[in-house]
Amino acid sequence: MSDNNATLTVGGATKDYAVMDGSVGPQVIDVRKLYANTGMFTYDPGFTSTASCESGLTYIDGDEGVLLHRGYPIGQLAEESSFMEVCYLLLNGELPSKTELDDFITTITRHTMVHEQLTTFYRGFRRDAHPMAIMCGVVGALSAFYHDSTDINDPLQRKIASHRLIAKMPTIAAMAYKYSVGQPFVYPRNDLSYTANFLRMTFSVPAEEYIPDPVIVDAMDKIFILHADHEQNASTSTVRLAGSSGANPFACIAAGIACLWGPAHGGANEAALNMLREIGTVDKIPEYIARAKNKDDPFRLMGFGHRVYKNYDPRATVMQKTAKDVLEKLGVNDPVFDVAKELEQIALNDPYFIEKKLYPNVDFYSGVILSAIGFPTEMFTVLFALARTVGWVAQWNEMISDPAQKIGRPRQLYTGPTQRDYVSVDKR
Ligand code: SDX
């Protein structure tokens, strides 16, 4: 608690509200008693000035372009750590010892298979169904198969459900891809790493074994780290809100997947690559920059701008470097990457983008890498959901353990009709 208060005078009454300090970042004004004291609500559509909870998982300084997971900078984690280690860190709060990491990896590995009957769910979808639609359906159905880990009041069941979700998302995601291309599902293997296992389940076929290239495994693992968690973003807030009602973890994660799908959020990686392909060549960039600045044109530069970052998204920095490395090592010369780099340079020197502090975000370059690896654009947001599952699960666990948390139930500013009497149809 800070030693200063916020004083509010409204309706002729003056009240003090406690100012609370975090370990770093903006203080908060505790307005939990505002309605009881004043009969008024705060009004904050989009929650631009609202802290919905207390959290120790991820810290973002949008002005400085800083992203920390349990205090560790994202750049260091991306370069030095592994996705499994970052999962352990987010779930447990500290980097693991070698033994702790090995035990965690073994636990996750042992949960990678899915119930065999789950395969029948896929056959109910059209082959051309968007894989995110499949993810929403299949993950939401998991509670019907893993009912023994749905009691949110049992810490052991919460732990097992958390491990199951992290472990099974790659299998479910790979199955969604296989179904979309009419190839048979590939079972996970316990002798492969988390990320290599996912790549093999995605690209291996019965006629030809897929040996994951260490360069691609490393790039994919880095991409998973960059997407692992991101404070109280829209999909994480969705998971927390769903969880606050006591919904089971599988239903909560399915809700997060649905929210992530939106093009303003996780769907932006698919939209960004489609946009770069539509631009096609560097000479077309000015036309699209003009459209992005035109208030009457709904077009926006996908992969640009962010609610919190008013500086370069530190994940985009790593992503651009990874894109360069992967394209060079694979010998891929993708003109889209050149368009992306040129677009970034033009935008970052344009007064509109400078004034509005619009920079590339995590979604701007990711599609270039994923496309080079061989994923179709429809799979990009699925990969985002796969990686973000650990963040959603860690935030969900933190919420349940928070004594201050209760069911989320925002109020409103009502501007509809005041009370009036019903008029029968013959009198209207
Ligand atoms: C993710 O929250 C998270 O942490 C999300 C995420 C995560 O890891 O979970 O980081 C992942 O979702 C990244 C963002 C991916 N989305 C996109 O790339 C889509 C394109 N970006 C925009 O739609 C937008 O920037 C948002 C949605 C990301 C942020 O929107 P805000 O914070 O609500 O800002 P805004 O819409 O009020 O924009 C402020 C101004 C507006 O102009 P004015 O009305 O003030 O004149 O900037 C303009 C906007 O028109 N603007 C853009 C723009 N983004 C904002 N103009 C052109 N192109 C853009 N991309």
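The values are calculated or read from the model by the stated rules, or taken from the named source; none is laboratory data. Computed from a predicted structure; not experimentally measured. Because the Cβ atoms are built from the backbone with ideal geometry, glycine has one as well, and the counts that use them run over all protein chains shown. Surface areas here come from the heavy atoms of the whole protein model, side chains and all, with no ligands, DNA or RNA. Shrake-Rupley method; radii C 1.70, N 1.55, O 1.52, S 1.80 Å.
Under the condition of being closer than 30 Å to residue 385 by Cβ and surrounded by fewer than 18 Cβ atoms within 10 Å (Cβ to Cβ), which residue from segment 266-287 is nearest to the ligand (Cβ to nearest atom)? Talk me through it step by step, then tell me what you get.
Applying the first criterion (closer than 30 Å to residue 385 by Cβ) to segment 266-287 yields 266-280.
Next cut, surrounded by fewer than 18 Cβ atoms within 10 Å (Cβ to Cβ) only: 274, 277-278, 280.
Numbers: 274: 12, 277: 16, 278: 15, 280: 19 Å.
Per the criteria, the residue is 274.
Report yes if residue 227 is open to solvent by less than 10 Å² (accessible area, probe 1.4 Å), within 17 Å of residue 319 (Cβ to Cβ) and within 11 Å of the ligand (Cβ to nearest atom), otherwise no.
Against the criterion (open to solvent by less than 10 Å² (accessible area, probe 1.4 Å), within 17 Å of residue 319 (Cβ to Cβ) and within 11 Å of the ligand (Cβ to nearest atom)), residue 227 qualifies.
Condition check ((1) surrounded by fewer than 19 Cβ atoms within 10 Å (Cβ to Cβ); (2) within 19 Å of residue 311 (Cβ to Cβ)) across all residues:
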site	(1), (2)
52	yes, no
62	yes, yes
74	no, yes
86	no, no
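Which condition number in (1) among the polar types (S, T, N, Q); (2) at pLDDT below 95; (3) surrounded by 24 or more Cβ atoms within 10 Å (Cβ to Cβ) is the one that residue 405 fails?
Going through (1) among the polar types (S, T, N, Q); (2) at pLDDT below 95; (3) surrounded by 24 or more Cβ atoms within 10 Å (Cβ to Cβ) one by one, residue 405 breaks only (3).
Filter segment 101-116 down to the residues that are open to solvent by 70 Å² or more (accessible area, probe 1.4 Å) and part of a helix (DSSP H, G or I), then identify the one that is farthest from residue 221 (Cα to Cα).
Out of the qualifying residues, it is 116.
Could you give every pair whose Cβ atoms fall below 7 Å, whose first residue belongs to segment 1-30 and is among the β-branched types (Val, Ile, Thr), and whose second residue is open to solvent by 50 Å² or more (accessible area, probe 1.4 Å) and part of a loop (DSSP other than H, G, I, E, B), counting only separations of at least 6 or pairs across chains?
Going by the 7 Å Cβ cut-off, the qualifying pairs are 10/40; 19/4; 19/27; 28/51.
Each row is one residue, and each column tells you yes or no for (1) basic (Lys, Arg); (2) more than 16 Å from residue 389 (Cβ to Cβ); (3) open to solvent by 10 Å² or more (accessible area, probe 1.4 Å); (4) within 15 Å of the ligand (Cβ to nearest atom).
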residue	(1), (2), (3), (4)
212	no, yes, yes, no
235	no, no, no, yes
239	no, no, no, yes
252	no, no, no, no
256	no, no, no, yes
261	no, no, yes, yes
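Against the condition in contact with a strand residue (DSSP E or B) (Cβ under 9 Å, 6 or more places away or on another chain), without any contact (Cβ under 8 Å) to a residue 12 or more places away in the chain, surrounded by 13 or more Cβ atoms within 10 Å (Cβ to Cβ) and of a type outside the set (Val, Ile, Thr), how does residue 68 come out, does it pass?
Yes: the conditions hold for residue 68.
Looking at 323, 316, 372, can you tell me which residue is aliphatic (A, V, I, L, M), in contact with a Pro (Cβ under 9 Å, 6 or more places away or on another chain) and surrounded by 15 or more Cβ atoms within 10 Å (Cβ to Cβ)?
Within the list 323, 316, 372, the selection yields 316.
What number goes with the only condition from (1) within 12 Å of the ligand (Cβ to nearest atom); (2) within 30 Å of residue 73 (Cα to Cα); (3) of a type in the set (Gly, Ala, Ser) that residue 290 does not pass?
(2)
Given the structure, is residue 322 free of Cβ contacts under 8 Å to residues at least 24 places away in the same chain and among the β-branched types (Val, Ile, Thr)?
No, not satisfied.
Among the residues in segment 322-341, are any among the basic types (Lys, Arg), within 16 Å of the ligand (Cβ to nearest atom) and over 18 Å from the mean Cα position of the chain (by Cα)?
No - not one qualifying residue is present in segment 322-341.
In this structure, is residue 42 closer than 13 Å to residue 232 by Cβ, surrounded by 12 or more Cβ atoms within 10 Å (Cβ to Cβ) and without any contact (Cβ under 8 Å) to a residue 60 or more places away in the chain?
So residue 42 does not fit the description; no.
Search segment 294-321 for residues being within 23 Å of the chain's Cα centre (by Cα) and more than 10 Å from the ligand (Cβ to nearest atom), and hand back the single one that is farthest from residue 356 (Cα to Cα).
Within segment 294-321, the match that is farthest from residue 356 (Cα to Cα) is 321.
Search segment 328-361 for residues being under 19 Å from residue 224 (Cβ atoms) and part of a helix (DSSP H, G or I), and hand back the single one that is least open to solvent (accessible area, probe 1.4 Å). Before you say what the answer is, go through the steps one by one.
The first filter runs over segment 328-361 and keeps only residues under 19 Å from residue 224 (Cβ atoms), leaving 329-330, 361.
Adding the requirement that they be part of a helix (DSSP H, G or I) leaves 329-330.
On the way: 329: 141, 330: 55 Å².
Result: 330.
Can you pull out every residue in segment 288-311 that is out of contact with any helix residue (DSSP H, G or I) (no Cβ under 7 Å at 6 or more places or on another chain), open to solvent by 60 Å² or more (accessible area, probe 1.4 Å) and closer than 30 Å to residue 59 by Cα?
307, 310
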